[in-house]
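The values are calculated or read from the model by the stated rules, or taken from the named source; none is laboratory data. Keep in mind that what you see is a predicted model, and the values were worked out from it rather than measured. When we count neighbours, we look across all protein chains shown, and the Cβ atoms used for this are built from the backbone with ideal geometry, even at glycine.
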Amino acid sequence: MKVEQRLWQSRRGWHVLGSDGPIKASLVLFFAAPGTLDDGARFAELQAAYPGAALLGCTTGGEIAEVDVYDGSVIATAIEFEHTEIKFAVDFAAPGKSSFEIGTRIGSVLPAEGLRNVFVLSDGTRVNGTELVAGVQHVLGRDVCMTGGLAGDGASFQTTKVGLNANPDAGRVVAVGFYGERIRVGYGSVGGWDAVGAERIITRSSGNTLFDLDGQPALDLYKQYLGAEAANLPASALLFPLRIQPKGDPDASLVRTVVGVDEEKKAMIFAGSIPEGHVAQVMLGNFDHLIAGAGRAARKAAIPDAKLAILVSCIGRKLLLGQRIADEVEAVADVLGEGCRTTGFYSYGEIAPLEASAVCDLHNQTMTITTFAEI
């Protein structure tokens with residue numbers, strides 16, 4: 001397994017950050033700031049640099065390479081597998097098609113035999129990530145190892161794009177399956193947010209839309225927490241995510257982030273499902289706890305001789321950490337070591353197993369890590 005990494009920036013074009021030597025890539029992962037791919041030039045340049053490779057990527061809320069976080073760039077990571085087969089499944093969000101249906105179609109295309117990991121990149125504003133994951137699991141089983149994330153659009157929440165062997169476009173969902181006896185995959189997912197305020201019951205919701213908490217309009221309650229920042233919704237709500245969990249089962253807790261609001265219905269729209277009857281609690285970030293959480297995720301994901309780590313972290317973490325954002329990437333690199341290259345992006349939702357379980361789900365406000373090695 002060999003890895004090569006390139007960075008594109010407007011002021012200097014493409015340059016190689018690191019390489020394991022001459023490489024015949026079978027897969028190139030690219031993560032791009034909104035707008036950088038619009039003219040198609042960057043995609044064409046990657047095709048020319050890695051002929052014959054499959055190109056998979058998405059737009060982001062920030063790009064990760066090595067121990068740095070970039071904005072306005074394109075990160076491309078080329079991977080040469082020696083003993084691993086890769087297969088792809090593609091579907092599209094469309095009116096009348098549920099996210100669960102998209103997931104089942106994805107799962108039906110990927111053969112189950114020999115499957116070691118499914119890595120998913122999905123549109124971040126048109127897809128309910130929880131239902132997407134559930135659809136894949138419905139076909140491949142709840143024990144399928146699935147990681148990935150929802151594409152980003154900075155903090156704008158307007159249009160996100162995903163592409164496979166084509167310049168990224170809105171509404172697309174792509175999964176790549178990794179097959180073979182000699183590939184090893186590790187994963188870790190940790191948040192690090194602190195719960196604040198009272199626990200409330202989700203008394204009215206539908207899919208990923210939250211209407212009422214304890215019988216009160218959810219948007220009104222959130223605005224009380226936000227104060228003057230309520231004028232900047234939905235972006236300002238990224239700093240106050242919602243933890244949800246079934247009653248009496250804290251090990252099954254998930255964090256949900258806001259991707260939109262409905263002022264008329266006084267409702268909030270999240271990246272994943274918000275089940276009625278679950279306990280909900282507003283969370284607040286602590287710099288040191290978030291950075292420590294990234295390190296814990298790396299320790300969970302660490303595997304012997306890992307050559308590549310894909311980091312999918314949340315745009316809310318990036319907005320909160322601000323100038324300290326690189327600290328969480330450095331915390332990961334410190335654990336995984338110099339022999340493991342890092343790539344990734346800031347997302348609208350992260351897909352990984354639960355912290356206390358092997359069952360996959362959609363996370364928000366979480367650092368998730370997938371590591372790869374071949375033996």
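Side notes on the structure shown:
- Extreme residue, surrounded by the most Cβ atoms within 10 Å (Cβ to Cβ), among residues of the stretch 213-225 that are part of a helix (DSSP H, G or I) and modelled with pLDDT of 85 or more: Ala218
- Some residue of the stretch 147-161 being out of contact with any Phe, Trp or Tyr (no Cβ under 8 Å at 6 or more places or on another chain), more than 30 Å from Ser206 (Cβ to Cβ) and surrounded by fewer than 20 Cβ atoms within 10 Å (Cβ to Cβ): no
Residue-wise test of (1) modelled with pLDDT of 95 or more; (2) touching a Leu at 6+ places or on another chain (Cβ under 6 Å); (3) surrounded by fewer than 22 Cβ atoms within 10 Å (Cβ to Cβ); (4) part of a strand (DSSP E or B).
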residue	(1), (2), (3), (4)
Ala166	yes, no, yes, no
Gly177	yes, yes, no, yes
Ser189	no, no, no, yes
Gly192	no, yes, no, no
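- Only one of the listed residues (Ser236, Ser206) is without any contact (Cβ under 8 Å) to a residue 60 or more places away in the chain and either touching a Pro at 6+ places or on another chain (Cβ under 6 Å) or under 18 Å from Glu131 (Cα atoms) (or both). That residue is Ser206.
- Meets criteria (more than 15 Å from the chain's Cα centre (by Cα) and assigned to a strand (DSSP E or B)) for Val185: yes
- Any hit, the stretch 251-259, residues being crowded, with 19+ Cβ neighbours inside 10 Å and either part of a helix (DSSP H, G or I) or modelled with pLDDT of 90 or more (or both): no
- The sole residue among Ala302, Ala271 that is modelled with pLDDT of 95 or more and either of a type outside the set (D, E, K, R) or farther than 23 Å from Met146 by Cβ (or both) is Ala302.
- Residue in the stretch 121-137 that is closer than 22 Å to Val28 by Cα, out of contact with any Leu (no Cβ under 9 Å at 6 or more places or on another chain) and in the same structural domain as Leu27 (by TED's automatic domain parsing) present: no
- Residues of the stretch 120-145 classified as farther than 10 Å from Gly103 by Cβ and part of a strand (DSSP E or B), total: 1
- The selection criterion, being assigned to a loop (DSSP other than H, G, I, E, B) and touching a residue at least 24 places away in the same chain (Cβ under 8 Å), does not hold for Ala89.
- Tally of residues being surrounded by fewer than 22 Cβ atoms within 10 Å (Cβ to Cβ) and outside any loop (DSSP other than H, G, I, E, B) across the stretch 6-27: 10
- Ala352 falls short on exactly one of the conditions (1) modelled with pLDDT under 95; (2) under 22 Å from Ile86 (Cβ atoms); (3) in contact with a helix residue (DSSP H, G or I) (Cβ under 6 Å, 6 or more places away or on another chain), and that condition is (3).
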